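What follows draws every value from the coordinates through simple rules; no lab data is involved. What you see is a predicted model, and the numbers here were worked out from it, not measured in a lab. With ideal geometry, Cβ positions are generated from the backbone for all residues, glycine too; neighbour counts draw on all protein chains shown.
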Amino acid sequence: MDEKKKKFVQENSDYDYNDSSIGEIERRPHDIRIGSLNLAVIWFLEAEVEQDIRILTPTPPRITRELNAAKSIWRTSDGARKVEINMIYSNYNDSNQIYTEKLDEKVIEEIVKIGKGYYKRADAYVFYLPGNLIMDTQKVGLALDRIIDNEHTYIVIMSNGARARVEPTGEKKGNDYVLAHELGHILYCTNYYGWKQDPKPNDDTLKGNGKPDIGHHDDDTEEERRNLMAPNSLGPGVIPTINEDQLIRALQSRFCLPWNPGPRN
């Protein structure tokens, strides 16, 4: 066990050190109570972030609202357990005309390099791009992991279609919790113990590749259909829910573990 782990064990009574377990901390993931996910956020030309580009503010209103929604839901009501979602860097890119409908692997690599050119130490990169749907899907937000320049990188794409708004016709569209949903996928897929599925997975539904949709929450009941991680929960104006098991699973992300905080290059 390295010195950083030893120090953490000594200072945290919630963890057990067991010499018989090959020098590792006994796996008691429920003892992780507060963890951090550190984001770099980049918004691009024509992305609808509710900011006049002539009056640049540190964080545009839409992004602030969606980050606050993510912070509010990935926690217990008393704050005893929570994922602290931190925007550690933000910037506006006005030199690249990139639309969500036109994304492909080459363009995804391009925007990741733009993000890392601004800031290299984020756990995940969130890109706000113009366009209403992502590639040839009906998705308005998308979480991805890619190996780019030999680095495993976690990415969230947010489209204009995800923005909560009321159209001139009076029709409501978008939802402030789309970012929170996509960050849930990042937290799940970086699970330190390899448990990458939702605690109650939607395994009776198949994805396009024919595999069970275990990254989403079951949606058999009305209550479950309002869950943040249910596949179609985020209708306009919906305030979703999560449960304690989902928060515990999110806190098992390696980004939330003090000795294994993920890429910090």
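All other residues whose Cβ lies under 15 angstrom from that of Asn91 are scored, Lys and Arg at +1 and Asp and Glu at -1, for a net of +3. Selection among Gln246, Ile148, Tyr177 by position relative to the dipole of the range 34-256 gives Ile148 as farthest towards the positive end (Cβ unit charges, Cα centre). The residues Ser90, Ser95, when put in order of fewest to most other Cβ atoms within 10 Å, stand as Ser95, Ser90.
Longer than 25 Å from Cα to Cα, which of Lys139/Lys196; Lys120/Lys172; Lys82/Lys139 are they? Say none if no pair is.
Lys120/Lys172; Lys82/Lys139
Would you mind ranking Trp43, Trp195 so that the residue whose beta carbon has the fewest other beta carbons within 10 Å leads the list?
Trp195, Trp43
Each of Met158, Met87 has some number of other Cβ atoms within 10 Å of its Cβ, and from fewest to most they run Met87, Met158. Net charge of the neighbourhood of Ala180, taken over other residues with C-beta under 13 Å away and scored Lys/Arg +1, Asp/Glu -1, is +1.
Net charge around Pro236, counting only other residues with Cβ within less than 12 Å of its Cβ (Lys, Arg = +1; Asp, Glu = -1)? That works out to +1.
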